[in-house]
Amino acid sequence: MKKIGIFYGSETGTTEKIARRVASLLGVADKDIHNVEDTRPSAVGDYDILVFGTSTWGSGSMEEDWYDFLAGVEALDLEDKEVALFGCGDETMEDTFCSGVGEIHDRLKETGAKFIAPYDTIGYTFEHSKAKPDDALEAVGLLLDEVNHPELTETRLRGWTALVADAAK
């Protein structure tokens, strides 16, 4: 079984709450859940599968604590790592819905990491997101809207974590 580490940035607590739900569904211990605000980037070396979660702010930016953390992670060789992404957003921000997830994805492309667990956006209506290229059928990870569609969250979490769990076998 591959070891999973969960890393999140959360301004209001919503993404942290989701990170802990993801951990519960995946059987990940509390010691393997990390707030990027106070975690060294080298901590990713302890894991085979990296689960990264962010909220989206302003004009589609990831949560601010991610910037320094990702700068350190980008300097690492992640060729032997698998990365699963999730994020929280508000679909009424229809041009930037969960774009923070896409920003993390784009910044990690050159690290050699293998991205896993893309997921559909069924149930959400938005024009554009960096997390879902216009020609893609799925987003680069799990996108959630706890503001407008909390009723979709549990089913989406269970479906997405099943994909991550399969990768961990």
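Within segment 149-169, restricting attention to residues that are within 20 Å of D90 (Cβ to Cβ) and in contact with a strand residue (DSSP E or B) (Cβ under 8 Å, 6 or more places away or on another chain), which residue is surrounded by the most Cβ atoms within 10 Å (Cβ to Cβ)?
W160
Report yes if V101 is more than 20 Å from E11 (Cα to Cα), out of contact with any Ser or Thr (no Cβ under 6 Å at 6 or more places or on another chain) and in a helix (DSSP H, G or I), otherwise no. First the steps, then the outcome.
Working: more than 20 Å from E11 (Cα to Cα): no; out of contact with any Ser or Thr (no Cβ under 6 Å at 6 or more places or on another chain): yes; in a helix (DSSP H, G or I): yes.
So V101 fails the test.
Does segment 125-145 contain any residue that is of a type in the set (D, E), within 22 Å of S10 (Cβ to Cβ) and part of a helix (DSSP H, G or I)? Reasoning before the result, please.
Let us first name the residues in segment 125-145 that are of a type in the set (D, E), namely 127, 134-135, 138, 145.
Those still in the list that are within 22 Å of S10 (Cβ to Cβ) too: 145.
So of that shortlist, the ones also part of a helix (DSSP H, G or I) come out as none.
The answer is no; no qualifying residue exists.
Keeping to segment 21-59, report how many residues are touching a residue at least 60 places away in the same chain (Cβ under 8 Å), surrounded by fewer than 19 Cβ atoms within 10 Å (Cβ to Cβ) and either outside any helix (DSSP H, G or I) or small (G, A, S) (or both).
Qualifying residue count for the region: 1.
Would a scan of segment 38-54 turn up a residue that is in contact with an Asp or Glu (Cβ under 8 Å, 6 or more places away or on another chain), closer than 17 Å to I18 by Cα and at pLDDT 95 or above?
yes
Could you please find all residues in segment 100-131 being of a type in the set (A, V, I, L, M, F, W, C), open to solvent by less than 60 Å² (accessible area, probe 1.4 Å) and farther than 17 Å from G53 by Cβ?
F126
When the residues of segment 71-88 are filtered to those that are crowded, with 18+ Cβ neighbours inside 10 Å and of a type in the set (D, E, K, R), which remaining residue is nearest to A19 (Cα to Cα)?
Once the filter is applied, the top-ranked residue is E82.
Could you tell me which of the residues E91, E146 is surrounded by 14 or more Cβ atoms within 10 Å (Cβ to Cβ) and in contact with an Asp or Glu (Cβ under 7 Å, 6 or more places away or on another chain)? Show your work before the answer.
Working: E146 fails: in contact with an Asp or Glu (Cβ under 7 Å, 6 or more places away or on another chain).
From the options E91, E146, the qualifying one is E91.
Could you please tell me which pairs satisfy a Cβ distance under 8 Å, a separation of 6+ or placement on different chains, a first residue in segment 65-91 that is part of a loop (DSSP other than H, G, I, E, B), and a second residue that is of a type in the set (D, E) and open to solvent by less than 10 Å² (accessible area, probe 1.4 Å)?
So the pair list comes out as G89/D145; D90/D145; E91/D145.
Could we say that S10 is under 16 Å from the mean Cα position of the chain (by Cα), in a loop (DSSP other than H, G, I, E, B) and either crowded, with 23+ Cβ neighbours inside 10 Å or not aliphatic (A, V, I, L, M) (or both) here?
Yes; evaluated as a whole, the condition is true for this residue.
The values are calculated or read from the model by the stated rules, or taken from the named source; none is laboratory data. Worth saying up front: this structure is predicted, and the values here are computed from it rather than measured. No Cβ is skipped: glycine too gets one built from the backbone with ideal geometry, and neighbour counts run over all protein chains shown. Remember, those area values only see protein heavy atoms, side chains included, never the ligands or the DNA or RNA. Shrake-Rupley method; radii C 1.70, N 1.55, O 1.52, S 1.80 Å.
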